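To keep things clear, I will list the structure first and then write my remarks on it.
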Amino acid sequence: PLSSEAPKVETGFDLSKMNLVHQDDAWDAANKNRLVERWNREIAPK
């Protein structure tokens, strides 16, 4: 469970066993316009 006070249930999952993606918000913000322009040029017209 997300809270240590919550009871564990059989259908629950352990977050420590999940593969998570590192999200670099600074990189995302710095590259947003470039990536959106490329998307619009290469993907959107199709």
Notebook entry, point to check: If the Cβ limit is 9 Å and pairs must be 6+ apart or interchain, which residue in region 15-32 that is on the phi > 0 side of the Ramachandran plot pairs with which residue that is surrounded by fewer than 10 Cβ atoms within 10 Å (Cβ to Cβ) and assigned to a helix (DSSP H, G or I)?
Noted result: none
Notebook entry, point to check: How many residues, within the chain, are assigned to a loop (DSSP other than H, G, I, E, B) and not β-branched (Val, Ile, Thr)?
Noted result: 21
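Throughout, read-outs are computed from the coordinates displayed, never taken from laboratory work. What you see is a predicted model, and the numbers here were worked out from it, not measured in a lab. Cβ sites come from the backbone with ideal geometry, for glycine too, and all protein chains shown count toward neighbours.
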